[in-house]
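Below is one structure, written out as structure tokens; comments come after it.
The values are calculated or read from the model by the stated rules, or taken from the named source; none is laboratory data. Just so you know, these numbers come straight off a predicted model, no measurement behind them. Keep in mind that these areas ignore ligands, DNA and RNA; they rest on the heavy atoms of the full protein, side chains included. Shrake-Rupley method; radii C 1.70, N 1.55, O 1.52, S 1.80 Å.
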Amino acid sequence: MSDLGMDPGARSGSDGASNPDRTHGADGNGAVDAGDVSDDIDVLVLGGAGVDTIVYVPELPVPYADSHMIRPGIQTRAGQTGDFVALGLHRLGLRTHHIDMVGADPEGDLVRAFHRDHGIPFTGVPWSAGTKRAVNLVDPEGRRLSFYDATRGHDDDRLPPATVKALAARAGHAHVSLTQPCAHALPLLRDAGLTVSTDLHNWDGHDSYHQPFAYEADIVFVSATALDDPVATLRDITGRGRASVAVVTAGADGAWFLTGPDREPVHVPTVTPPAPVVDSNGAGDAFAAGFLYAWMVGEPVDRCARYGAVAGAYACTVPATRADAIGRDALLAGAGAGAQGRAG
């Protein structure tokens, strides 16, 4: 497990810049080479790699018409939930490695270039169904509606167990995306002794697909969007599952966290963004990255949530067509205090 007693910024610079990345694929026998992982991995991110096509629309829902003229245009870029969490953690100085299934297609090329350009080590598992992709409609207020291509995944998708075990053996924590390969990888991460976090996104509190993630993770994030009773959901997660903390994010209403089914929820106020809000895309991923950074360096839960709020507010100032995340100096300044490292 990684030793996080040292200042993460000392490894890669206070702005989060890092050493050149490593990207890996399959050998001639179909096994996946995880590359040189002799250095410890602070956070192993599983799943959530893909490509979004961004379409700016005049309003949501889009008025019915034969056609609409779109400005500033339609753009396609790499960056889905796992990509953004990995980028956020990396920018904060944590040694991050990302693994997912990607195709030998133009979308896969964009995903591999995303990690290479940002310096994030990436293990791309070749996948014949193709790289995950989506279309996001974004309105002038930054709200979005996403359409995911369901043909790019199957119920029996698996990340190679040997590769997951090799990476997990060098990691201190794993963050899993809400995909089938990650569901199947959960027992492997547990066997490796890792703590696990996940984001349930717009779970309604009942859908059985989300339950293995909700009840097997130590840290659980979920959006309030589809929840009838957010506090009841937090109590359910912490009462039935392994989670020591569950967090519900509610946009302009802030967030709440719960550290046990018999505890009272704690409200986390919103943070004023450092620039005008242009897009909410990636705000939840940024919140998770900020929270996990603080948790990994030993901050109490209320401070972790504050870091998450600062990172999420920053993400709302980044256009959907661009991938960016808050740096460590800005995060610490926004949170109002420096992080304290864990004892070594």
Cα extents of the range 238-313 along the principal axes, largest first, in whole Å, come to 39, 26, 17
GNM of the chain, Cα pairs under 10 angstrom: of Pro160, Pro274, Pro63, the biggest fluctuation goes to Pro63
Taking only the alpha-carbon atoms of the range 247-288, the convex hull volume per residue, in cubic angstrom, is 74 Å³
tail above 20 Å in the computed P(r) of the range 50-142, as % of all Cα-Cα pairs, reads 45 percent
Once you've got the GNM for the chain with C-alpha springs shorter than 10 Å, pick whichever of Ile54, Ile120, Ile70 has the biggest mean-square fluctuation. Ile70
How many angstrom lie between the C-alpha centres of the range 104-149 and the range 224-302? 25 Å
Rank Phe287, Phe147, Phe213 by mean-square fluctuation in a GNM of the chain with C-alpha springs under 10 angstrom and give only the top-ranked residue. Phe147
For every helix of n ≥ 4 consecutive DSSP H residues, a contribution of -39,500 (n - 2.57) applies; sum these over the chain, divide by its total residues, and give [θ] at 222 nm rounded to the nearest 500 deg cm²/dmol. -9000 deg cm²/dmol
Over its alpha-carbon atoms, the chain yields an Rg and a Dmax in Å of 18.9, 63
Beta bridges by DSSP in the chain, antiparallel share as percent, to the nearest 5: 35 percent
Quantify, in whole percent, the carbon and sulfur part of the accessible surface of the chain (1.4 Å probe; protein heavy atoms only). 52 percent
